[in-house]
Amino acid sequence: MSMTREQAVEALRRRGKRDATLDARDYLDLEADRLDCFTGDAAGLHFDFSKHPIGHETLGGLTDLAESCGMSASIAAMMAGDKVNITEDRAAQHAALRGGGTDLQKREQARLERERAYAFAERVRAGEITSSAGARFRHVLHIGIGGSDLGPRLVHQALARGNDPLDVRFLSSVDPEAFEAATRDIDPATTLVFVVSKSFATPETTHNFAAARDWLEAGVGGDASTNLVAATANRAAAIRAGIAEDRLFEMWDWVGGRYSLWSAVSLSVMMAIGTDRFDALLAGAREMDEHFQTADLRRNMPVMSALVVFWYSMIRDSKSWAVVPYAMRLRLFVGWLQQLSMESLGKSVALDGRKLTAPSGPAVWGGEGPDGQHAFFQLLHQGNGGVPVDIIAFAQSTDGAPQNALLANAVAQAEALLCGRDSESVRRELATKGLSTAIADRLIPHKVMPGGRGSTFILGRRLDATTLGALLAFYEHQTYALSVLMGLNAFDQFGVELGKKLAAAIETEIAGGEQGEHDASTNVLLKQISRVQQDKGD
């Protein structure tokens with residue numbers, strides 16, 4: 001007999017209370033087939049969920065929950081191009097951008113625009129498209145923010161090599177020093193400015209584009225229109241801004257910004273790394289799409305990951321989730337994932353408009369593994385409560401060589417989080433140092449590590465374009481699966497709008513020395529800003 005969502009959640013809560021004293025060490029002893037059931041492979045990546053304090057019975061309950069939420073039907077609906085973004089009456093067809101999904105019309109539309117972008121990118125790389133000064137392009141200034149920046153920036157950092165023919169600089173912030181840093185040591189005459197904005201009205205992007213256009217025109221001594229290119233859904237606004245129509249690439253309302261890196265939004269990346277490697281990125285993502293669309297829920301890696309995160313959030317009341325890639329080239333990965341996850345799942349209202357009575361998405365944080373070990377791993381090992389962790393590692397370096405020291409650290413941290421260190425182990429260690437019993441007794445509580453702290457281990461062969469595509473698509477699908485479990489819309493982001501609206505009015509007030517209508521605290525702050533700005537110092 002099938003269960004409702006509410007019944008499935010309540011059953012999980014009862015089981016969570018019953019099994020509260022058990023952790024993965026117990027389950028590894030009790031469940032003979034645990035490693036078979038809690039590990040799996042997809043799109044060239046290996047996933048190990050066995051270190052989480054979730055037993056077979058709980059996994060069955062989580063799967064019941066997924067079925068009661070209509071997980072399989074929801075996956076099929078998104079892949080078919082149904083309007084799963086109900087608040088904006090839109091589809092979410094980012095899979096179509098890489099040739100995935102079942103909507104053949106959207107896949108063809110995406111393919112044709114991708115071929116346009118590829119042709120442009122290769123002509124720039126070959127020196128066939130030149131600047132207003134007739135010079136070969138050596139640099140690209142990519143201007144965008146949010147999904148128009150984080151995804152392409154991450155992919156470029158992960159895949160760019162020292163011998164790429166174009167140097168790409170990214171500009172998102174309106175901090176004047178950001179513009180200065182992005183344009184430092186580059187020549188406007190050999191720089192292609194690429195503007196990415198779906199609306200072509202994003203305040204930060206329009207501000208930076210205006211500055212970049214002035215910089216170009218000053219540098220080339222006049223018209224710099226051939227140094228401009230854009231990706232947007234608002235072609236009319238881009239043309240009014242001086243960008244030639246044949247230099248415009250399409251963005252569509254059926255793809256959200258944070259899911260758009262697979263399109264011409266990443267034109268700058270295509271120009272830097274070449275279209276063959278970008279194609280490999282898409283191929284890896286497409287393979288993960290196929291897995292997500294066809295695998296049984298118990299063997300579906302994005303769904304499994306979503307079930308684990310949901311369990312921590314719902315049953316363990318965990319408010320955060322750490323992600324730790326052991327790869328220098330993925331040092332921007334957590335920033336990309338923060339937008340993907342928290343902009344998608346940071347909601348308090350269900351699909352039907354009712355207030356959520358259960359937790360929604362956790363806060364995502366973390367950083368590159370070796371540095372993280374000397375920054376926040378202290379909290380992971382000994383802090384109260386425990387935080388679930390995703391550890392991402394690769395068996396080989398990008399050139400195929402072993403990277404044993406890096407890999408050993410990743411594996412060791414997962415083992416240490418699970419196994420911990422008890423008081424007797426600490427006592428034996430201190431005894432070898434010749435410490436007195438009194439000193440040892442005082443130190444032991446501080447050195448004990450409780451263990452039983454869950455981690456997911458994601459292992460790839462090496463960080464190449466195909467593997468990166470699969471990894472990014474995995475987290476996209478995990479995010480959607482979580483939204484289904486939580487009963488919310490993963491594809492709107494109304495929470496980002498109010499602050500932007502207020503900022504426009506406040507900027508005018510600050511510039512004009514005016515006082516608008518604000519709460520008492522904000523009024524005092526604005527007066528303080530005015531006093532500080534008027535104070536010229538010594």
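Which residues, counting only those in region 217-263, are of a type in the set (G, A, S) and open to solvent by less than 10 Å² (accessible area, probe 1.4 Å)? Full working, then the answer.
To start, the set of residues in region 217-263 that are of a type in the set (G, A, S) comprises 218-219, 221-222, 224-225, 230-231, 233, 236-238, 241-242, 244, 256-257, 260, 263.
Result: A224, A230, A231, A238, S260.
When the residues of region 274-295 are narrowed to those that are among the aliphatic types (A, V, I, L, M) and open to solvent by 10 Å² or more (accessible area, probe 1.4 Å), which ends up farthest from the chain's Cα centre (by Cα)?
In this case the residue turns out to be A295.
Test each condition in (1) over 30 Å from the mean Cα position of the chain (by Cα); (2) open to solvent by 60 Å² or more (accessible area, probe 1.4 Å) for P188 and report the one that comes out false.
Checking P188 against (1) over 30 Å from the mean Cα position of the chain (by Cα); (2) open to solvent by 60 Å² or more (accessible area, probe 1.4 Å), the one that fails is (2).
Can you find even one residue in region 460-482 that is in a helix (DSSP H, G or I) and loosely packed, with under 11 Cβ neighbours inside 10 Å?
Let us first name the residues in region 460-482 that are in a helix (DSSP H, G or I), namely 465-482.
Subset that is loosely packed, with under 11 Cβ neighbours inside 10 Å: none.
Scanning region 460-482, I find no residue that is in a helix (DSSP H, G or I) and loosely packed, with under 11 Cβ neighbours inside 10 Å, so the answer is no.
Looking at region 500-519, I want the residues that are farther than 15 Å from H207 by Cβ and of a type in the set (K, R) and have a partner that is loosely packed, with under 10 Cβ neighbours inside 10 Å and at pLDDT 90 or above with Cβ atoms under 9 Å, at least 6 apart or on another chain. Which pairs are those?
Hits for this filter: zero, empty list.
If you go through region 78-129 one residue at a time, how many are surrounded by fewer than 19 Cβ atoms within 10 Å (Cβ to Cβ), touching a Lys or Arg at 6+ places or on another chain (Cβ under 7 Å) and either over 30 Å from N227 (Cβ atoms) or at pLDDT below 95 (or both)?
4
Quick one: how many residues across region 90-142 are hydrophobic (A, V, I, L, M, F, W, C) and within 22 Å of L472 (Cα to Cα)?
So in region 90-142, the residues hydrophobic (A, V, I, L, M, F, W, C) come out as 91-92, 95-97, 104, 110, 112, 117, 119-121, 124, 126, 129, 133, 135, 137, 140-141.
After this cut, where a residue has to be within 22 Å of L472 (Cα to Cα) as well, the list is 91-92, 95-97, 110, 117.
Qualifying residue count, region 90-142: 7.
Within region 70-77, identify whether any single residue is open to solvent by less than 10 Å² (accessible area, probe 1.4 Å) and of a type in the set (V, I, T), and answer yes or no. Explain how you work it out, then say what you get.
If we filter region 70-77 for residues that are open to solvent by less than 10 Å² (accessible area, probe 1.4 Å), which is where we start, we get 71, 75.
Imposing the further condition that a residue be of a type in the set (V, I, T) reduces the set to 75.
Yes.
So how many residues does region 239-268 have that are under 20 Å from the mean Cα position of the chain (by Cα) and part of a helix (DSSP H, G or I)?
8
Check whether at least one residue in region 131-152 is open to solvent by 30 Å² or more (accessible area, probe 1.4 Å), under 21 Å from E250 (Cα atoms), outside any strand (DSSP E or B) and of a type outside the set (V, I, T), and report yes or no.
yes
R286 - would you say it is in contact with a Lys or Arg (Cβ under 6 Å, 6 or more places away or on another chain), among the charged types (D, E, K, R), in a helix (DSSP H, G or I) and touching a residue at least 12 places away in the same chain (Cβ under 8 Å)? Spell out how you get there, then give the answer.
Working: in contact with a Lys or Arg (Cβ under 6 Å, 6 or more places away or on another chain): yes; among the charged types (D, E, K, R): yes; in a helix (DSSP H, G or I): yes; touching a residue at least 12 places away in the same chain (Cβ under 8 Å): yes.
So R286 fits the description; yes.
Check region 58-72 and report whether any residue there is without any contact (Cβ under 8 Å) to a residue 60 or more places away in the chain and part of a loop (DSSP other than H, G, I, E, B). Please lay out each step first, then the result.
Start the filter on region 58-72 by keeping residues that are without any contact (Cβ under 8 Å) to a residue 60 or more places away in the chain, which leaves 60-61.
After this cut, where a residue has to be part of a loop (DSSP other than H, G, I, E, B) as well, the list is none.
Within region 58-72 (the criterion being without any contact (Cβ under 8 Å) to a residue 60 or more places away in the chain and part of a loop (DSSP other than H, G, I, E, B)), the answer is no, since none of the residues qualifies.
Output the residues belonging to region 485-538 that are polar (S, T, N, Q) and open to solvent by 90 Å² or more (accessible area, probe 1.4 Å). First the steps, then the outcome.
Within region 485-538, the subset polar (S, T, N, Q) is 489, 493, 508, 515, 521-523, 528, 530, 533-534.
Q515, Q533, Q534, listed by residue number.
Evaluate region 325-333: report whether one residue or more is closer than 30 Å to K17 by Cα, in a loop (DSSP other than H, G, I, E, B) and either out of contact with any strand residue (DSSP E or B) (no Cβ under 7 Å at 6 or more places or on another chain) or without any contact (Cβ under 8 Å) to a residue 40 or more places away in the chain (or both). Spell out the reasoning first.
From region 325-333, those closer than 30 Å to K17 by Cα are none; that's our starting set.
Scanning region 325-333, I find no residue that is closer than 30 Å to K17 by Cα, in a loop (DSSP other than H, G, I, E, B) and either out of contact with any strand residue (DSSP E or B) (no Cβ under 7 Å at 6 or more places or on another chain) or without any contact (Cβ under 8 Å) to a residue 40 or more places away in the chain (or both), so the answer is no.
Just to confirm my filter: which helices (runs of 4 or more DSSP H) fall fully inside region 347-428 and include at least 3 residues that are at negative phi and loosely packed, with under 14 Cβ neighbours inside 10 Å? Full working, then the answer.
Working: elements: 369-373, 377-382, 404-419.
The helices (runs of 4 or more DSSP H) meeting that bar are 404-419.
The values are calculated or read from the model by the stated rules, or taken from the named source; none is laboratory data. In this text, all values refer to a predicted model and were calculated from it rather than measured experimentally. Here the Cβ is made from the backbone with ideal geometry for all residues, glycine too, and neighbour counts use every protein chain on show. Surface accessibility is based on the protein's heavy atoms, side chains included, excluding ligands, DNA and RNA. Shrake-Rupley method; radii C 1.70, N 1.55, O 1.52, S 1.80 Å.
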